[in-house]
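All of the numbers you see were taken from the coordinates with simple rules; none came from a lab. For clarity, every value in this text was computed on a predicted model and none was experimentally measured. Here the Cβ is made from the backbone with ideal geometry for all residues, glycine too, and neighbour counts use every protein chain on show.
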Amino acid sequence: MTALIGWALAVASTATVLPQSIKLLRSRNSEGVSTVTVALAAVTMAVWSTYTFQLRDWPALGSSLGPLLAWGSSLVLLSIINKSWRIMIVAVGISASVLPFLSLTHLGILAAAGSTLWALPQLKVALSKVPLTGVSSLAYIFIAIENVGWIVYGLLTGHLIYLVAPLVQAPVALIIAIKARKDKQVARVRL
């Protein structure tokens with residue numbers, strides 16, 4: 001049962017991020033998308049991938065690799081759209097030069113901290129007057145819902161570190177989703 005929930009979360013974790021990548025690819029609109037959030041999410045997924053690989057928690061590893069590819073794709077798209085590669089180069093550099101040398105304990109702490117904090121730059125943008133027309137409200141709704149599954153999985157596996165981020169990430173993602181949806185509706189009315 002626990003493995004089934006873990007594999008369902010692996011699929012869900014990837015599916016939650018894909019709408020943002022697809023929106024960037026189709027619209028080439030990055031207005032309101034926090035490049036820092038996308039870079040932090042990609043680095044965080046690299047940390048989780050390393051951590052869960054060392055734990056040999058294959059469902060959790062699957063749930064890290066899919067989002068790593070999706071967030072990484074979004075970061076590449078943002079770099080192309082915004083014609084700026086600096087943040088992507090820093091994210092890749094940090095991941096490649098630091099992760100191989102961290103202990104399991106340090107990886108777990110860094111993964112939990114990254115998951116707790118990665119969406120905060122996007123929340124800051126959402127709370128400003130900047131329209132979030134480039135942000136996928138669907139992605140952030142999915143992220144909020146997915147966090148409930150992580151609470152269940154963390155309790156079932158006994159890896160309580162999986163519970164840390166959902167307590168922050170779920171409400172933050174919901175606020176971002178609501179603002180992005182509202183801004184999309186306002187933009188439609190203006191057309």
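Okay, here's what the table says:
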| read-out | value |
| --- | --- |
| Separation in nanometres of the label points that stand 7 Å from Cα toward Cβ, at Asn29 and Thr105 | 4.9 nm |
| In nm, spacing of pseudo-spin labels at Ile89 and Val11 (7 Å Cα→C-beta vector) | 4.1 nm |
| Sites Gln185 and Val98, calculated FRET efficiency, Cβ-Cβ separation with R0 45 Å, nearest 0.05 | 0.60 |
| Relative contact order for segment 33-75, counting Cα pairs under 8 Å that sit 6 or more residues apart, in percent | 55 percent |
| Residue-by-residue Karplus 3J(HN,Hα) for segment 122-132, coefficients 6.51, -1.76, 1.60, Hz, glycine and proline x | 5, 4, 4, 5, 4, 7, 8, 8, 5, x, 9 |
| Sorted peptide list for 119-127, 150-158, criterion being average Cβ within 10 angstrom, highest first | 119-127, 150-158 |
| Span-rule helices in the chain, defined as complete DSSP H runs reaching 27 Å or more along the axis (Cα) with Kyte mean at least -0.5 | 2-27, 35-55, 58-82, 137-157, 166-190 |
| Additional length obtainable on full extension of the chain from Lys129 to Ile151, 0.36 nm per residue less Cα span | 4.6 nm |
| 222 nm mean residue ellipticity, helices alone, for the chain (DSSP H n ≥ 4; -39,500 (n - 2.57); rounded to 500) | -27000 deg cm²/dmol |
| Among [x] 17.9, 54; [y] 17.6, 68; [z] 16.1, 53, the entry that matches Rg and Dmax of the Cα atoms in Å as calculated here | [z] |
| Relative contact order (percent, whole number), segment 61-191, Cα cutoff 8 Å, 6+ residue spacing | 28 percent |
